[in-house]
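**Q** First the structure, then my questions, so here it is.
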Amino acid sequence: MTRRPVSAILLAAGAALLAGGPAAAARAPVLTVRRGAVTLRTAAVRVTIDRRHYRMTIALPDGRRALSEVADPHVRPLSIGTQEDPFGSGLDRSTGPVLYAPLTFLVGTEKLNQYQGGVWGGDLRHGIRSGVVYSARRVLSVHRTAGGARLTLATDDPTGRRLDVRLRILPGGAVRVTAAPVPARGVAEVSDAFASSAAEGFFGFGGRHNAVDQHGQVLSSWVAEENLDGLNGRRTMYPNGNTAAYYPQPEFFSTRPYGFLLAQPELARFRLDAGTAQAWSVSATARHLDYIVAPGAAPKAIATLTRLSGRQPAPARWALGPMLDRLVKNAGETVADYEAQTQSDLREIDRTHLPLTAYRIEGWGFPGPANGITLHAEMTPARQAALIGALRRRHIHPLLYLRPWIVPGSAPSRDGLVARTASGAPYDTTTTTGGTIEMLDFTNPRAVRFWQAQVTRALNLGADGFMQDFGEEILFGMHFHDGQTGATMHNAYAVLYARATREAVTRYEHRHPGRHIFFFDRAGYSGLPGSAAYESANFPGDETTDFSHASGLASLTSDMLGRAVDGAYGFATDIGGYYDITTPATTRELFLRWAEWAALSPVFRLHGSGLHGTHTPWSYDAQTVRAYIGLSRLHERAAPLILRLWRAADATGMPITRPLWLADPGDPRARRQDQEWMLGPDVLVAPVVARGATSRTVFFPPGCWRTAGGRPRHGGRIVHGARSETVAAGLTTLPYFIRCGTHPLR
């Protein structure tokens, strides 16, 4: 079959924007070629390239440097022996030989292997690299192209290998750079390195748990399952370490100022001033490198890059109300048990007058003959209809559950709609509980139509949306309809999965005016555009039922904020945590602290745990019910603000939940805050994430802030930033503060 390039899939929705048109032609960049330098410039950006010792510098219109490649005209090729990366359980190597030079490439081998199934199927497990790293030396030729220039570079590869480099200035002043060694045979990795300093901050990279500022870190961009604390509360996760992510985005923003987006799906690695305080590097396990630089301060750079990579569209107002997920427990629960739980929920919702706008039915199943999609349990069609009707009578929107797992031997498997082996047989893998499954192939148009028919079928039952689970299980040995393998599809799969669903939802809404569908997923990745352009929201994966910074309550803030600046705004945590396989059942304290955390986040969603089921407020005591209802009401009061901010984010890229560094990027104290956020410009949120705490230290940004209690004589407190203060926070108290003179939560 004919191989379809990755760009044909990931870049389709952004093609018109990148191509420009007549208006773009009128703003064509000016190319100037001199003996010593090449300059490509528009009114928004200036790119200068040293011809004698190749080095690229990207500057703002006023001449200030935004980003430049490292300068070292005397660097020599670097020989790499047998190096493990990743090592152990799949951990990134933080030390080892790195050639910091402009546009380098490894001639040699890189062999990677994965967990082949089970809980961490698809995660990286081990890797070996070896060979020689060469670099660009000088510019041999320059040619004008539409929107930019094409350069041929000499390298220090003794075989005479050259680098084909293409520069293009995109709308907003972003600079796209693609580089490929020619010939490509024998190349295992392509990299670039940029000048930096100890003062530079790096923010974004998607859903990382370890920190907000990634300065000094080595991290990979590889969709992974990461769901338990491997070292008793320390900042690590098994198996892939403290920077692993269900939702990695190779997209970040610097304080220098610029934004950076790696626009390809292969495994990427970032070394962010980790081996030196003078440089950072990016590499891709591929025979080319493709990245975009957006010069300018963070608000401008965020607007530029998220316009390309995608922004989660604002949902319907009902989707911002309190939700409850009735999940299926992993052990011992029958369909009858599940149906009894849903009826019990309805009675308790009525009894407690619990504020609720959506209820998710995880164990719903498909009516009629089996169609090949695996689900936890299958309620009868009559029970489904009765439950959905009961929810609608209460003005509660029903949500269902989907995942792209296909039953081996079922109709879609026999019809060739799944990923296959090299020999053409369906590729079987195993699930978290050991069952055998196959993965739907979203590069196959027939498979996409099949999936979209299932989405439509679910919506026709009366559901207004669903959770889309999984998508991390793609293995290197899988082959896809368009000719790709798991090497490129592992990260790209999440994007295609979300896109297929969005297309079905958009058609359904067009045919059913008044129906507004909301769906959220777990796995995600960047692209042109990426997952954020298609999904309504996302949940952070299987958080452990504890307070840990690795994967419990304290992991949430950095995860949310890393996604938010990259266009994924709708963070939908599992209130109470989920993964209680290695941690105790959710305690009352953890439940309330988690609900407090979620109250002023974009999505307020009560979930449950794998062994102990849904933690509901009535699972504890009457005081817990009252406290939880109060937090639900707080979220309802915040919903109009969240919706306004979301609509603005959809238009400008400025996130709903904002890290404190974004308000004051020059203050190192603001950069370190990984347990606070701004809800828009006027609400400061500082939840308690430590077990047993009755107070916490809060860093206040510049300006005047008051507690939610109001004026001091009404029990409130006034604080003037920028400074830190200790505030009281009993078990039923969420510390949050309002900018003086504003009333955003009315």
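**Q** Out of the total accessible area of the stretch 403-446 (probe 1.4 Å, heavy atoms of protein only), what percent is carbon and sulfur?
**A** Accessible surface attributable to carbon and sulfur in the stretch 403-446 totals 52 percent.
**Q** Whole-Hz Karplus ³J(HN,Hα) for the stretch 90-105, in order, using 6.51 cos²θ - 1.76 cosθ + 1.60 and θ = phi - 60°, x for Gly and Pro?
**A** Per-residue couplings from phi come out as x, 8, 5, 6, 8, 10, x, x, 9, 9, 8, 8, x, 6, 10, 8 Hz.
**Q** Hey, with R₀ at 25 Å, roughly what FRET efficiency would Thr109 and Asp72 work out to, going by the Cβ-Cβ distance, to 0.05?
**A** Efficiency computed from Cβ-Cβ geometry: 0.45.
**Q** In addition: Nearest 20 debye, what's the magnitude of the dipole of the stretch 180-255 about its Cα centre given +1 on Lys and Arg Cβ and -1 on Asp and Glu Cβ?
**A** That gives a dipole near 120 debye.
**Q** Say a paramagnetic label sat at a point 7 Å from the Cα of Arg317, along Cα to Cβ; which residues of the stretch 729-746 have their backbone N under 17 Å from it?
**A** 745-746
**Q** May I ask you to compute the full-extension gain from Thr436 to Ala648, defined as 0.36 nm times their residue separation minus their alpha-carbon distance, rounded to one decimal in nm?
**A** 71.9 nm
**Q** At 0.36 nm per residue, minus the direct Cα-Cα distance, what do Ala453 and Thr39 gain on full extension? Give it in nm, one decimal, please.
**A** So the chain would gain 143.9 nm between Ala453 and Thr39.
**Q** Whole angstrom only: what separates the Cα centroid of the stretch 443-493 from the Cα centroid of the stretch 549-610?
**A** What the calculation gives is 26 Å, centre to centre.
**Q** Right, something else. What are the ³J(HN,Hα) couplings of the stretch 618-633, residue after residue, when phi is run through the Karplus curve with 6.51, -1.76, 1.60 and θ = phi - 60°? Round to Hz, x for glycine and proline.
**A** Residue by residue, the stretch 618-633 yields 6, 6, 10, 7, 5, 5, 5, 4, 4, 5, 5, 4, x, 5, 4, 5 Hz.
**Q** If you project the alpha carbons of the chain onto their three principal axes, what span does each projection cover, largest first, in Å?
**A** Taking max minus min along each principal axis of the Cα atoms, the chain gives 81, 70, 52 Å.
**Q** Please name whichever of His215, Trp618, Leu553 sits farthest to the positive end of the charge dipole of the chain, dipole taken about the Cα centre and charges placed at Cβ: Lys and Arg +1, Asp and Glu -1.
**A** His215
**Q** Determine the calculated [θ] at 222 nm for the chain from helices alone, applying -39500 (n - 2.57) to every DSSP H run no shorter than 4 residues and normalising by the residue count; nearest 500 deg cm²/dmol.
**A** Roughly -7000 deg cm²/dmol at 222 nm, from the helical runs in the chain.
**Q** Return the sequence-ordered ³J(HN,Hα) values of the stretch 198-213 in whole Hz as given by the Karplus equation 6.51 cos²θ - 1.76 cosθ + 1.60 applied to θ = phi - 60°, using x for Gly and Pro.
**A** 5, 8, 7, x, 10, 10, x, 6, x, x, 8, 9, 7, 6, 8, 8
**Q** Say each of Thr742 and Thr152 gets a label point 7 Å from the Cα, pointing the same way as Cα to Cβ; how far apart are those two points in nm?
**A** That separation, rounded to one decimal, is 5.6 nm.
**Q** Okay, next question. If you average the sequence gap of Cα pairs under 8 Å that are 6 or more apart and divide by the length of the chain, what percent do you get for the contact order?
**A** Relative contact order of the chain: 12 percent.
**Q** What translational diffusion coefficient, in µm²/s and rounded to a whole number, does the Stokes-Einstein relation yield for the stretch 611-746 at 4 °C and a viscosity of 1.567 mPa s, taking the hydrodynamic radius as the Kirkwood radius over Cα pairs?
**A** Estimated via Stokes-Einstein, D reaches 79 µm²/s.
**Q** Compute the distance in nm between two label points, each set 7 Å from the Cα along the Cα-to-Cβ direction, one at Arg633 and one at Gln116.
**A** Each label point lies 7 Å from its Cα, and together they span 5.7 nm.
**Q** Do you know the relative contact order of the stretch 132-267, to the nearest whole percent, from alpha carbon pairs under 8 angstrom that are 6+ apart?
**A** Answer for the stretch 132-267 is 15 percent.
**Q** Sticking with this one: Hey, can you find the accessible area per residue of the chain for me, probe 1.4 Å, expressed in square angstrom?
**A** Heavy-atom SASA per residue in the chain reads 34 Å².
**Q** In the stretch 639-697, carbon and sulfur make up what percent of the accessible area (probe 1.4 Å)?
**A** Here carbon and sulfur together make up 52 percent of the probe-accessible area.
**Q** On to the next question. Taking amide H positions as placed in the peptide plane 1.01 Å from N, state which residues far from Leu324 in sequence (5 or more) or on other chains have amide H under 5 Å from it.
**A** Answer set, sorted by chain and number: Ala358, Tyr359, Arg360, Leu606.
**Q** Need the full-extension length gain, Arg669 to Ala382, defined as separation in residues times 0.36 nm minus the C-alpha distance. One decimal, nm.
**A** Result for the pair: 97.6 nm of gain on full extension.
**Q** Also: What is the helix-to-structure angle for 486-511, meaning the angle in degrees between its Cα long axis and the longest Cα principal axis of the chain, kept from 0 to 90 and rounded to the nearest 10?
**A** Its long axis makes an angle of about 50 degrees.
**Q** Just want the answer: with Cβ charges of +1 for Lys and Arg and -1 for Asp and Glu, which residue in Phe480, Ala422, His490 is farthest toward the dipole's positive end in the stretch 419-519?
**A** Phe480
**Q** Taking R0 as 22 Å, what FRET efficiency do you get between His512 and Arg347 from their Cβ-Cβ distance, rounded to the nearest 0.05?
**A** Approximately 0.10, to the nearest 0.05.
**Q** Explain nothing, just the number: dipole magnitude of the chain about its Cα centre with +1 on each Lys and Arg Cβ and -1 on each Asp and Glu Cβ, in debye rounded to the nearest 20.
**A** Computed charge dipole of the chain: roughly 2780 debye.
**Q** What is the percent carbon and sulfur in the accessible area of the stretch 214-290, measuring with a 1.4 Å probe over the protein chains and ignoring ligands?
**A** After summing per-atom areas, the C and S share lands at 41 percent.
The values are calculated or read from the model by the stated rules, or taken from the named source; none is laboratory data. Model, not experiment: these values are computed from the prediction. A quick note on method: Cβ atoms are made from the backbone with ideal geometry, for glycine too, and the neighbour counts reach across all protein chains shown. Just the protein is used for accessible areas: all its heavy atoms, side chains included, with ligands, DNA and RNA removed. Shrake-Rupley method; radii C 1.70, N 1.55, O 1.52, S 1.80 Å.
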